[in-house]
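Visitor: Okay, handing you the structure first.
Please treat every number below as a calculation from the coordinates, not as lab data. Remember, predicted model here, so these are calculated numbers, not experimental data. Cβ coordinates were reconstructed from backbone atoms using ideal geometry, including for glycine residues, and neighbour counts include every protein chain displayed.
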């Protein structure tokens, strides 16, 4: 058998079956992924202390309210661009947001007035994913860092959008 024939034989017996296996195995998984960007509808982001979170944003309506440095409640309407939404969805996928536990909290009570609490919920046509993150969480440092990174991305996107709207008005 020639060298070329050996290469063709190896290709047909190893590479082709492996590729076929990958296509057959992963196609349904990717096709039925629960959090597809095409099915994205909206997200809500809330933060603060205590049981009532006064700071919030809803991407469906653009309602954005927060307490400023003087504890005055600022209410405004900020619509995110479609590329902002796609960016947040892709970063959430990249950071593994869909695999986060529903509650990322240490020993502190969820309704505590002393610890900052963040709630982030992504809504899709068929499903939604909500994560509650308490800022004093320290049990799994990597999970804490990923949750903080997701929170920072959302806040930066909202602040950038608010700056854009502020400059237009």
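Visitor: If we count other beta carbons within 10 Å of each Cβ, what is the order of 43, 11, fewest first?
Guide: 11, 43
Visitor: What's the exposure ranking of 1, 150, going from fewest to most Cβ atoms within 10 Å?
Guide: So the ranking, lowest neighbour count to highest, is 1, 150.
Visitor: Taking the chain as the reference, fit the longest principal axis to its C-alpha atoms, fit the long axis of helix 141-168 to the helix C-alpha atoms, and give the angle between the two in degrees, 0 to 90, nearest 10.
Guide: Taking Cα atoms only, the helix is inclined about 60 degrees.
Visitor: For a quick check: sort 63, 157, 3 by the number of other beta carbons within 10 angstrom, fewest at the front.
Guide: Ordered from fewest to most neighbouring Cβ atoms within 10 Å, 63, 157, 3 come out as 3, 63, 157.
Visitor: Between residue 145 and residue 11, what is 0.36 nm times their sequence separation minus the Cα-Cα distance? Round to one decimal in nm.
Guide: 43.9 nm
Visitor: Of the candidates 117, 81, 144, which one comes out as most mobile in a Gaussian network treatment of the chain with C-alpha springs shorter than 10 Å?
Guide: In the Gaussian network model the winner is 81.
Visitor: Note down the nm distance, to one decimal, between modelled labels 7 Å out along Cα→Cβ at residue 18 and at residue 1.
Guide: The modelled label-to-label distance comes out at 1.7 nm.
Visitor: Turning to a different aspect of this structure: Tally the DSSP beta bridges in the chain and give the antiparallel ones as a percent, rounded to 5.
Guide: Details: 27 of 29 bridges.
Roughly 95 percent of the beta bridges in the chain run antiparallel, per DSSP.
Visitor: Starting from the Cα-Cα distance between residue 49 and residue 128, subtract it from 0.36 nm times their residue separation and give me the gain in nm to one decimal. Before the final figure, lay out the partial values.
Guide: Numbers: separation 79, 0.36 × 79 = 28.44 nm, distance 2.36 nm.
Computed gain between residue 49 and residue 128 is 26.1 nm.
Visitor: Relative to the longest principal Cα axis of the chain, at what angle does helix 82-95 sit, 0 to 90 degrees, rounded to 10?
Guide: Approximately 70 degrees, to the nearest 10.
Visitor: Take the chain, connect every pair of alpha-carbon atoms lying under 10 Å apart with a spring to form a Gaussian network, then pick out the residue of 87, 26, 137 with the largest mean-square fluctuation.
Guide: For the chain, modelled as a Gaussian network with Cα springs under 10 Å, the answer is 26.
Visitor: Using the C-alpha gyration tensor of the chain, what are the square roots of 5 times its eigenvalues, in whole angstrom, with the largest one first?
Guide: 43, 21, 14
Visitor: Still on this structure, please answer the following. Of the residues 76, 61, 13, which exhibits the maximal mean-square fluctuation in a Gaussian network model of the chain defined by a 10 Å Cα contact cut-off?
Guide: Taking springs between Cα atoms under 10 Å, the residue moving most is 13.
Visitor: Here is a follow-up. Mind giving me the nanometre distance, one decimal, between the label points for residue 90 and residue 152, set 7 Å out from Cα along Cα→Cβ?
Guide: Computed distance between label sites residue 90 and residue 152 equals 2.0 nm.
Visitor: Run the numbers on region 13-98 and let me know its relative contact order in percent, using alpha-carbon pairs under 8 Å that are six or more apart. Working shown, then result.
Guide: Details: 71 pairs, mean separation 13.9, N = 86.
Over region 13-98, the number comes to 16 percent.
Visitor: When only C-alpha pairs under 8 Å and at least 6 residues apart count, what is the relative contact order of the chain, in percent?
Guide: Relative contact order for the chain comes out at 22 percent.
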